[in-house]
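Undergrad: My questions all concern the structure below.
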Amino acid sequence: MKKLIVLLLMGCLGNLAWAGEQKKDVSDRLQMASDVLTQMASAPDKGIPEEVLQNAKCIAVVPHLLKGGFIFGGKHGRGMATCRTENGWSAPAFISVGGGSAGLQIGVEGVDLIMLIMNDKGMQHLLSSKFQISGEGSAAAGPVGRHASAGTDWKMETEMLTYSRSKGIFAGLTLEGAVVQQDSDSTTSVYGRDVAFSSVLQGKVATPDIARVFMKAVADAAHKAREQEAREGNNK
């Protein structure tokens, strides 16, 4: 009987330790994602155009996405997404990005990934909890600079614009073939249960305290983009 009690206590302590480590990992990831967005908003000449950010329906950030490998290339990372709602930005829904491609590739590189969902079709894909980035119009490397080129079709057909940041430089990133899905472990560690992905992104779940630093970075980035766009509109 004593052995059983000891085993049960060890199991409980082990679960608590795992939960604590998982939550710290999520907290660190939220902070890293916040830093990426903050730095993006403060470098408009080299980063994401204000009008693109201003028109995005959802923002997803995957800090330190690992890509590359020996013989077989691949991409994998964890991050979070938030969408615009009638009451502001939704609480973050946690995502994982994975996918591979055959080819001679040597080395591993960590990049910060930003995905901007630009239309209702792209938003529906994100709300589905799991989708593959593929096909024409599904995703495109986003334009970089203070303004989006008038020749791009980001306002028309493209569901998602993707960006990477490596060594402080923003650039478009191709993610065709990658799978974006809900990160259930992170969701459970933050919300206490595996809450439905769509419920979070539609604003039906309150923002937890652990995510407030990320949500502030999102709000600040969107606000700066809106202010800049308004300023330049008044100068015309």
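Undergrad: What tally of residues in the stretch 103-148 results from selecting those that are at pLDDT 80 or above and either surrounded by fewer than 20 Cβ atoms within 10 Å (Cβ to Cβ) or closer than 19 Å to Arg84 by Cα (or both)?
TA: Residues flagged as at pLDDT 80 or above and either surrounded by fewer than 20 Cβ atoms within 10 Å (Cβ to Cβ) or closer than 19 Å to Arg84 by Cα (or both) within the stretch 103-148 amount to 19.
Undergrad: Check whether at least one residue in the stretch 68-91 is at pLDDT 65 or above, assigned to a loop (DSSP other than H, G, I, E, B) and either surrounded by 15 or more Cβ atoms within 10 Å (Cβ to Cβ) or touching a strand residue (DSSP E or B) at 6+ places or on another chain (Cβ under 9 Å) (or both), and report yes or no. Explain how you work it out, then say what you get.
TA: Let us first name the residues in the stretch 68-91 that are at pLDDT 65 or above, namely 75-91.
Pick out the ones that are also assigned to a loop (DSSP other than H, G, I, E, B) and you get 86-87, 90-91.
When the remaining residues are screened for being either surrounded by 15 or more Cβ atoms within 10 Å (Cβ to Cβ) or touching a strand residue (DSSP E or B) at 6+ places or on another chain (Cβ under 9 Å) (or both), the result is 90-91.
Checked the stretch 68-91: at least one residue is at pLDDT 65 or above, assigned to a loop (DSSP other than H, G, I, E, B) and either surrounded by 15 or more Cβ atoms within 10 Å (Cβ to Cβ) or touching a strand residue (DSSP E or B) at 6+ places or on another chain (Cβ under 9 Å) (or both).
Undergrad: Residues to consider are Asp209, Asp153; find the one that is more than 19 Å from Leu113 (Cβ to Cβ), at pLDDT below 90 and more than 18 Å from the chain's Cα centre (by Cα).
TA: Values: Asp209 fails: at pLDDT below 90.
Testing whether each residue is more than 19 Å from Leu113 (Cβ to Cβ), at pLDDT below 90 and more than 18 Å from the chain's Cα centre (by Cα) leaves just Asp153.
Undergrad: From the set of residues in the stretch 159-199 that are crowded, with 18+ Cβ neighbours inside 10 Å and part of a loop (DSSP other than H, G, I, E, B), which is modelled with the lowest pLDDT?
TA: Ranking the qualifying residues of the stretch 159-199, first place goes to Leu173.
The values are calculated or read from the model by the stated rules, or taken from the named source; none is laboratory data. Because the structure is predicted, anything quoted here is derived from the model rather than measured. Counting neighbours? That spans all protein chains shown, and the Cβs are built from the backbone with ideal geometry, glycine included.
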